[in-house]
1. Of the residues Ser197, Ser201, Ser236, which single one is polar (S, T, N, Q) and within 11 Å of Glu36 (Cα to Cα)?
2. When you scan the range 171-221, how many residues do you find that are farther than 15 Å from Met153 by Cβ, among the charged types (D, E, K, R) and crowded, with 21+ Cβ neighbours inside 10 Å?
3. Have a look at Ala54, Ala75, Ala119 and point out the one that is of a type outside the set (D, E, K, R), free of Cβ contacts under 8 Å to residues at least 40 places away in the same chain and within 20 Å of Tyr216 (Cα to Cα).
4. Filter the range 110-120 down to the residues that are buried (at least 17 other Cβ atoms within 10 Å of the Cβ) and at pLDDT 90 or above, then identify the one that is nearest to Lys192 (Cα to Cα).
5. Just a yes or no: is a residue in the range 141-148 under 23 Å from Ser201 (Cα atoms) and surrounded by 15 or more Cβ atoms within 10 Å (Cβ to Cβ)?
6. Output the number of residues of the range 199-210 satisfying the condition of being touching a residue at least 60 places away in the same chain (Cβ under 8 Å) and either outside any strand (DSSP E or B) or farther than 14 Å from Val12 by Cβ (or both).
7. Can you tell me how many residues in the range 115-135 are under 23 Å from Gln183 (Cα atoms) and either in a helix (DSSP H, G or I) or out of contact with any Ser or Thr (no Cβ under 9 Å at 6 or more places or on another chain) (or both)?
8. Mind listing whichever residues of the range 215-245 are closer than 21 Å to Val12 by Cα and charged (D, E, K, R)?
Amino acid sequence: MNASKSETILSVEKLAASYGAAQILYDLSLEVGRGEVVALMGRNGAGKSTTMKAIMGLMARKGQVTFNGVDISRAKPHEIARLGLGFTPEDRRIFADLTVMENLDIGRQPPRSFADGTAAPEWSPERLFKLFPNLGEMPDRPGGRMSGGEQQMLTVARTLMGNPLLVLLDEPSEGVAPLIVEQMANTILELKKEGLSILLSEQNMVFAELVSDRAYVLEKGEIRWHGTMAALAVDSAVQRSYLTL
C-alpha cells in the first residue's frame, strides 16, 4: 500500500532557526507527501540536522510547520511526538543499560490515524524483528553491548514502536558497516510500502538514490536545489557544487 503522493503530510514554510545569536537556517520551505521518502542532501554543516531539530521544536525557530493537518509551529517537542512525528537523531540515544526489548517498550505509543481517518501502520516487537532480524537474535542484549549499526537499527525500531505517521531520519548510513547500510536501505523501502513517510538527512548519494523519491539540497542553511531524486542523480553540476567534498 503506497499512499497518494498528492497528500502533503509535512509542510514547512519559511523556516528560520538559530543557536543563540547565530542564525543557521534561512527561510527554508519544503514538503513531504504521504508514503514519500524525501532526502535532505548537503555537506557537513549545511543545516540538515538543524532542519530536523527545528521541525521537532528542539531549538529556537520561526516560520510555519504543519504536520498531518495540524499547525505545530509553536508546539513543544513532546507534543509534536504525540501527534505521530518520529525522530531518530544522528547520535542514536539508545538506553545503554536497557535491553533491546526494554528499549522498544519505552517507545511504545497508541495506534494513530492520518488526517483523513486512515489508520497508520501499527508496530510490535514481533513485526520489528521481521524487519530487523539482527535485533530479533538479541532481544535481551543491553544496548551498550551492541555495534554501532545494531544501535542504529534499534533507534529506528524504537521510533517505529511509537506508530509514527512520518519519521525524520538523521544520517542513517553515517559510520556504519556497508552491510548495515544495505539493510537500512531495504528497511526504508519496506516502510515506504507500508505508507510511512520519511524525511531523510543524508550525504551518501548512492544510499539516497536507492530510497528517495525527491531531494532538497542545502548549503549554508538555504535550499539551493530541489527536484526528483532521478534528476539529481544525473545532475553532475549540482552534485559538484553542493555535495562532493
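1. Details: Ser201 fails: within 11 Å of Glu36 (Cα to Cα); Ser236 fails: within 11 Å of Glu36 (Cα to Cα).
Checking each option against the conditions leaves just Ser197.
2. Count: 1.
3. On the way: Ala75 fails: within 20 Å of Tyr216 (Cα to Cα); Ala119 fails: within 20 Å of Tyr216 (Cα to Cα).
Exactly one of Ala54, Ala75, Ala119 is of a type outside the set (D, E, K, R), free of Cβ contacts under 8 Å to residues at least 40 places away in the same chain and within 20 Å of Tyr216 (Cα to Cα), namely Ala54.
4. Residues of the range 110-120 that are buried (at least 17 other Cβ atoms within 10 Å of the Cβ), as a first pass: 112, 114, 120.
Filter once more, so that each one left must be at pLDDT 90 or above: 112, 114.
Details: Arg112: 17, Phe114: 15 Å.
Restricting to residues being buried (at least 17 other Cβ atoms within 10 Å of the Cβ) and at pLDDT 90 or above, the top hit is Phe114.
5. Residues of the range 141-148 that are under 23 Å from Ser201 (Cα atoms), as a first pass: 147-148.
Pick out the ones that are also surrounded by 15 or more Cβ atoms within 10 Å (Cβ to Cβ) and you get none.
Among the residues of the range 141-148, not one is under 23 Å from Ser201 (Cα atoms) and surrounded by 15 or more Cβ atoms within 10 Å (Cβ to Cβ), which makes the answer no.
6. Within the range 199-210, the subset touching a residue at least 60 places away in the same chain (Cβ under 8 Å) is 199-203, 205, 208.
In the following step, the residues that additionally are either outside any strand (DSSP E or B) or farther than 14 Å from Val12 by Cβ (or both) were identified as 200, 202-203, 205, 208.
Selection size over the range 199-210: 5.
7. 14
8. Of all residues in the range 215-245, those closer than 21 Å to Val12 by Cα come to 215-229.
Matches in the range 215-245: Glu219, Lys220, Glu222, Arg224.
The values are calculated or read from the model by the stated rules, or taken from the named source; none is laboratory data. What you see is a predicted model; the values in this text were computed from it and never measured. Reconstructed Cβ throughout: ideal geometry from the backbone, glycine too, with neighbour counts over all protein chains shown.
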